[in-house]
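Notes to accompany the following structure.
The values are calculated or read from the model by the stated rules, or taken from the named source; none is laboratory data. Computed from a predicted model, the values in this text were never measured in an experiment. Counting neighbours? That spans all protein chains shown, and the Cβs are built from the backbone with ideal geometry, glycine included.
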Amino acid sequence: MTKKVTKRPEQAPTETTETAEATRNRPLLRPLTDIAETPDGVTLAIEMPGVAADDVDVTLENRVLTIRGRSGAVDPENLQPVHAEYAPGDFERAFTLSEDFDSEKIEAEMKSGVLTLHMPRAEAAQPQKIKVKAS
Amino acid sequence: MLYPTNLYRADPFSLMRRLTDDLDRGRPGHGQAFPPINIWQSDEAAAISAELPGVDPGDIDISVKDDVLTLSGERHAPDLFEGANWHRRERAFGKFTRAVRLPFRVDPEKVEARFADGVLRVAVGRPDADKPRRIEIKAA
């Protein structure tokens with residue numbers, strides 16, 4: 001099985017319109033995400049700069065994994081903005097999973113604005129060999 | 001696309017630049033520079049913030065010479081993805097350098113950098129000798 005990947009560097013997070021509008025006056029961004037298949041499951045790396053570990057919310061409901069991050073960015077006081085290349089915002093993105101993940105075993109770690117999620121496959125879904133009996 | 005005009009009072013052309021940047025974004029080879037930065041300033045100080053998610057603070061170099069602030073470093077790809085099969089690959093890794101020209105000469109003693117949650121914040125101060133001084137008019 002081959003999974004060909006096209007590399008798309010220098011992408012910028014775009015504003016999302018997937019879900020209901022937030023009441024907070026701040027852009028809602030779709031975080032850049034890397035997803036890779038590892039021998040025991042799936043690993044996700046989600047970029048959410050400006051979001052502290054306490055402000056991350058990961059939920060798994062009906063096979064939909066939703067990641068939310070609230071930005072704690074504050075503008076410096078007594079200074080005028082003169083140049084802006086990014087707008088700090090909240091992050092939200094959802095992925096639909098196959099059914100074979102054990103929600104109890106999902107590990108999440110937030111470091112330097114990147115959320116890493118390790119999702120091991122449920123044991124029932126691990127490949128099992130079936131012995132063929134000779135009759 | 002929304003262009004908040006009240007953000008760009010100091011530079012009327014930045015709005016136009018941003019519009020052309022947005023038009024360029026759709027073309028290949030015209031991606032946004034990494035890291036994206038925001039700049040604030042006043043007569044006495046300036047602040048620069050850069051989004052550097054996944055970069056180790058030890059891998060960031062900040063240097064100041066006269067009025068130019070240079071930001072460089074490297075973002076390493078995490079080891080756990082080595083040899084993995086990719087489903088999605090949106091993030092980029094590698095070396096980066098950005099130089100910013102500030103409106104005044106920077107006092108190297110008055111530079112402060114903080115890195116938290118993947119965002120770098122640099123505060124720079126203007127040397128006292130460089131600050132504009134009010135001149136009083138004496139009665140003849």
Boolean, B:L52 is facing chain A (nearest Cβ under 10 Å) and touching a Phe, Trp or Tyr at 6+ places or on another chain (Cβ under 8 Å):
yes
Qualifying positions in region B:48-89 - of a type outside the set (D, E, K, R), closer than 23 Å to A:P13 by Cα and in contact with a Pro (Cβ under 6 Å, 6 or more places away or on another chain):
B:A50, B:L52, B:P53
Looking only at region B:104-140, how many residues end up being β-branched (V, I, T) and in a loop (DSSP other than H, G, I, E, B)?
3
May I ask you to say which residue of A:P81, A:P88, A:P76, A:P49 is of a type outside the set (G, A, S), touching a strand residue (DSSP E or B) at 6+ places or on another chain (Cβ under 7 Å) and not in a loop (DSSP other than H, G, I, E, B)?
A:P81
A:V64, sole failed condition from (1) loosely packed, with under 14 Cβ neighbours inside 10 Å; (2) of a type in the set (A, V, I, L, M, F, W, C); (3) within 7 Å of chain B (Cβ to nearest Cβ):
(3)
Condition (residue is more than 8 Å from chain B (Cβ to nearest Cβ) and among the charged types (D, E, K, R)) applied to region A:72-84: is it met by at least one residue?
yes
Mind listing whichever residues of region B:90-126 are in contact with a Pro (Cβ under 7 Å, 6 or more places away or on another chain) and farther than 30 Å from A:I46 by Cα?
B:R105, B:D107
So A:E92, is it among the charged types (D, E, K, R), more than 23 Å from B:D79 (Cα to Cα) and at pLDDT below 90:
no
Of all residues in region A:21-46, which are of a type in the set (S, T, Y) and in a strand (DSSP E or B)?
A:T33, A:T38, A:T43
Limited to region B:69-103, what total is found for residues that are under 30 Å from B:W40 (Cα atoms), within 11 Å of chain A (Cβ to nearest Cβ) and in a strand (DSSP E or B)?
6
Is region B:94-107 home to any residue that is surrounded by fewer than 18 Cβ atoms within 10 Å (Cβ to Cβ), among the acidic types (D, E) and in contact (Cβ under 8 Å) with a residue 24 or more places away in the chain?
no
Please verify whether region B:122-130 includes one or more residues that are surrounded by 16 or more Cβ atoms within 10 Å (Cβ to Cβ), under 26 Å from A:D54 (Cβ atoms) and either assigned by TED's automatic domain parsing to the domain that holds B:E44 or among the aliphatic types (A, V, I, L, M) (or both).
yes
